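Structure record follows, encoded as structure tokens.
The values are calculated or read from the model by the stated rules, or taken from the named source; none is laboratory data. Here the structure is a predicted model, which means the values were calculated and not measured. As a convention, Cβ positions derive from the backbone with ideal geometry for all residues, glycine included, and neighbour counts pool all protein chains shown.
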Amino acid sequence: MRWWMKELYRKRMQYGVTLIRDMQFEVVEDTIKNFTRMSTEDFHFLRHLIEPKVKKMDTRFREAITVTERLTITLRFLATGDSYTSLQYLFRVSKQSISRIVPEVCDAISEVLKDWVKIPTSEEDWLEIAQEFQEKWDFPHAIGAMDGKHVMIQAPGNSGTEYYNYKHFFSIVLFALVDAAYCFRYVDIGSQGRLSDGGIFKRTSLYKKLEEKSMKIPQPSILQIPYTLRVPYVILADKAFALNEYTMKPFQGEPERGSLERIFNYRLSRGRRVVENAFGIASSVFRVLRKPMLLSPNKATKVVLAVIHLHNFLRKRSSQKYTPHGSLDTEAETGITPGSWRNEGEHSSLLDLTNVPRRSGNDAKEIRLHLAQHFAINGAIPWQNRY
């Protein structure tokens, strides 16, 4: 005998919806925040935005799953990374329905919040970012920090080794440019895990625009009088990327303590912490990034993109609740105090890209040395001599 609807799901309106309603009217705000990773106010704001895109009509046979339920199911999935099977028992919604709801709501979230992840379009915007890097991290002419991470997924069908990375698991790549306020300014998601760092970066639209010089980045200028060398505005990167006119990376090897190279590497690593913090906080709050996603690459890409948009949304609307004091790296009199997200163990599902050495142009090397001399002579910070 086949059932039109299982008893478990038939009682959804009696039990599943009651759970959501009870949390919304809970006096203690932490209840819904812990469950969905956002405040009641932010939840309702986001629900209102996505409603026209995900709302379904009731039929004569059954009541539609409400927008509130759809959003709650999706946020709980992003917050925990639980399987669809586990979520069906919690919300009394079939696994098949959840498999349709999550990608659909993730798409809606990314669409309505698309302006929250936006690359600057004017010199004034870039200069504002550079000023913030200067004030917060003492690194001049920095317009962002970029990095890439592997996000673990299940082995896609008939894909061979396309998504098999150097750490011997299947993944898609999250490549990002982050500003000094820990917000994502540009992301490229979904490249196969087997690709190298250079291959991934060169496939992005960001790389093409940088090469074409079509991003309205300010012209190079001197750092201070009486300097004469004009320094370009650059993106801070690690050793996996090439050193050039728009990318600044550390000196190779282990420079001698107290040397110009050692001081420069320390200062650059301080500035690059913003991208590490952005990845760390996003995976700390939305733990779907910490578990292998049992999804196809296409659906996993939608999930990661939704997390990125939610990260920026919560950073800008509820930064103190989303990233409370102590969660991010902070500057103290004795150096950098690591954020609490770093104490939560190895992020096995968010691993760095392959470190492939890249050749550097002579002009870029001259700029890097000039910055190193500037840091050693004029840009000193109290604890810098330890490095």
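Given the criteria within 30 Å of ARG267 (Cα to Cα) and without any contact (Cβ under 8 Å) to a residue 24 or more places away in the chain, does GLU132 qualify?
no
Would you be able to say whether some residue in the range 83-101 is in a helix (DSSP H, G or I), under 30 Å from ALA181 (Cβ atoms) and modelled with pLDDT of 90 or more?
No: zero hits.
Restricting attention to the range 117-131, and to residues there that are touching a strand residue (DSSP E or B) at 6+ places or on another chain (Cβ under 9 Å) and part of a helix (DSSP H, G or I), which single residue is nearest to ILE308 (Cα to Cα)?
Filtering first and then ranking leaves ILE129.
With respect to LYS302, is the statement that it is out of contact with any Gly (no Cβ under 7 Å at 6 or more places or on another chain) and at pLDDT below 95 true?
The answer is no for LYS302.
State whether the residues of the range 96-104 include one that is buried (at least 19 other Cβ atoms within 10 Å of the Cβ), within 20 Å of the chain's Cα centre (by Cα) and either free of Cβ contacts under 8 Å to residues at least 40 places away in the same chain or within 21 Å of LEU310 (Cα to Cα) (or both).
Yes, that holds for at least one residue.
Tell me which of these ALA145 doesn't satisfy, since it passes every other one: (1) under 23 Å from ARG273 (Cβ atoms); (2) in a loop (DSSP other than H, G, I, E, B); (3) touching a strand residue (DSSP E or B) at 6+ places or on another chain (Cβ under 7 Å); (4) aliphatic (A, V, I, L, M).
In the conditions (1) under 23 Å from ARG273 (Cβ atoms); (2) in a loop (DSSP other than H, G, I, E, B); (3) touching a strand residue (DSSP E or B) at 6+ places or on another chain (Cβ under 7 Å); (4) aliphatic (A, V, I, L, M), ALA145 misses (2) alone.
Only residues that are in contact with a strand residue (DSSP E or B) (Cβ under 8 Å, 6 or more places away or on another chain) and free of Cβ contacts under 8 Å to residues at least 40 places away in the same chain: list them for the range 222-236, please.
Those that are in contact with a strand residue (DSSP E or B) (Cβ under 8 Å, 6 or more places away or on another chain) and free of Cβ contacts under 8 Å to residues at least 40 places away in the same chain: ILE222, ARG230.
Check the range 195-218 and report whether any residue there is crowded, with 22+ Cβ neighbours inside 10 Å, without any contact (Cβ under 8 Å) to a residue 60 or more places away in the chain and outside any loop (DSSP other than H, G, I, E, B).
For the range 195-218, residues crowded, with 22+ Cβ neighbours inside 10 Å, without any contact (Cβ under 8 Å) to a residue 60 or more places away in the chain and outside any loop (DSSP other than H, G, I, E, B): present.
Of all residues in the range 248-280, which are among the polar types (S, T, N, Q) and either farther than 16 Å from ASP179 by Cβ or part of a loop (DSSP other than H, G, I, E, B) (or both)?
Matches in the range 248-280: GLN252, SER259, ASN265, SER269.
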